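**Student:** Once you've had a glance at the structure underneath, I'll fire off some questions.
Derivation of every value follows stated rules applied to the coordinates shown; laboratory data play no part. For clarity, every value in this text was computed on a predicted model and none was experimentally measured. Counting neighbours? That spans all protein chains shown, and the Cβs are built from the backbone with ideal geometry, glycine included.
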Amino acid sequence: MGRHGSPGLGGSRASVEHRQLAFAAVALALVIAAIVATVMSIEAASSPGSGTRVLGRTFGPHTSGPVAGPSSDPASATPSPSAPVHTLAFEVTGTSYITVRTGAGEVLVSRLFKKGSHATFDEKDLEVVVGNSGAVRFTVNGKPRKPGADGQVETFDVTRR
């Protein structure tokens, strides 16, 4: 009989502890599943072949056509006259962590970008921090910016012209 004199009600202390343990295990499994799903969505957003829109900006692979290899001709990076001129645009040629903030300090993006990823920004004032400046090709107000050295951390400001 149970604690209150009725069979099947309540249960032994070991039974209650077993149910609490089972509940905790299920809760932990759900938390782990949520973390895995979040990590997978971040990875998918930063991998080539995916295009993701965040805060009205597009992040994804370079899609202007086939790329035969890195170009050493700076004129080839200049947009055509019909292309929109963004305050800042970049294409990642390796792997680099990039943070872009507005002049007011709002973080627009701060994550690891992989080869083939790109993004554009049209805010008036921007602060850029790039973890591997040799692996990113920046265009500022429609003009190519000289790349930094591989592995070099670089910070610079951009103002729309």
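**Student:** Add +1 for every Lys or Arg and -1 for every Asp or Glu among the other residues with Cβ under 12 Å from the Cβ of S96, and state the total.
**Tutor:** +1
**Student:** If you plug each phi of the stretch 120-132 into the Karplus form 6.51 cos²θ - 1.76 cosθ + 1.60 with θ = phi - 60°, what whole-Hz ³J(HN,Hα) values come out, in order, with x for Gly and Pro?
**Tutor:** Rounded to whole hertz, the list is 10, 9, 10, 5, 5, 10, 9, 10, 10, 10, 10, x, 9.
**Student:** Give the lysines reachable from K115 as a straight Cα distance under 23 Å; neighbours fewer than 8 places away on the same chain don't count.
**Tutor:** In chain and number order, the partners are K143, K146.
**Student:** Defining a contact as two alpha carbons under 8 Å apart and six or more residues distant in sequence, what relative contact order in percent does the stretch 112-161 show?
**Tutor:** Result for the stretch 112-161 is 42 percent.
**Student:** In a shell of Cβ-Cβ distance under 15 Å around A135, excluding A135 itself, what net charge do Lys and Arg (+1) and Asp and Glu (-1) give?
**Tutor:** Within the 15 Å Cβ shell, the charges total +3.
**Student:** Counting only other residues whose beta carbon sits under 15 Å from that of Q152, what net charge do I get with K and R as +1, D and E as -1?
**Tutor:** +1
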